[in-house]
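Novice: Attaching a single structure in structure tokens format; questions to follow.
The values are calculated or read from the model by the stated rules, or taken from the named source; none is laboratory data. None of the values given here were measured: they were computed from a predicted structure. Cβ placement follows ideal geometry from the backbone for every residue including glycine, while neighbour counts extend to all protein chains displayed. Ligands, DNA and RNA are excluded from the accessible area calculation, which covers all protein heavy atoms including side chains. Shrake-Rupley method; radii C 1.70, N 1.55, O 1.52, S 1.80 Å.
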Amino acid sequence: MVAGLAIAALWRVGPPPKESASPVGTAGSGAAKVLTEPIRTVAELLSHNAVGREASLEHVTIRERVGDRYFWIGSGDERPVFVVLDPDVKRNSAITLRAGARVTLIGIVRPAPKALEAQQQWHVTAATGILIEESGTYLHVTEIRE
């Protein structure tokens, strides 16, 4: 009699569900795509989840030049982002890196170093080192375009 009831219960419930290929709560698309797309705005560079991601910023304004390979970018209403040019940066020799110039930058977002390390590594002032550290990230540029 117990066996009969067990069979009847299984018949009413049906077979166990099959595992789906996509994770629960998603359609299996969207999230991975969003995280692998390059960052396109200056504001996105400042988020901590931007570290390690590629950035492709078109027509950003150079706010202030700090050295031969270092400058701040962003418009007047944005929080500025520190930029470090790779020693082997790809660039057209006609591009002038001066305050007010608009350029396209391609590179990788990296975590900002401590203020003292920034001073020693990039030969910046103590105040600039503190600003770099407080920003949390910086952009290591591998290519510059007009």
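Novice: Assuming R0 = 30 Å, can you tell me the calculated FRET efficiency for the pair Ile95 and Leu116, based on Cβ-Cβ distance, to the nearest 0.05?
Specialist: Here the calculated transfer efficiency is 0.40.
Novice: So between Asp68 and Thr142, what do we pick up on full extension, going 0.36 nm a residue minus the alpha carbon distance?
Specialist: In short, 25.2 nm is gained.
Novice: Right, next: Using a cut-off of 13 Å between beta-carbons, work out the net charge of the residues near Arg40 (Lys and Arg +1, Asp and Glu -1, Arg40 not included).
Specialist: Computed value for this residue: -3.
Novice: Determine the per residue accessible area of region 49-146 with all protein chains present and a 1.4 angstrom probe, expressed in square angstrom.
Specialist: Value returned for region 49-146: 53 Å² of accessible area per residue.
Novice: Over region 32-129, with every protein chain in place, what whole percent of the accessible area is carbon and sulfur at 1.4 Å, could you tell me?
Specialist: The value for region 32-129 is 51 percent carbon and sulfur by accessible area.
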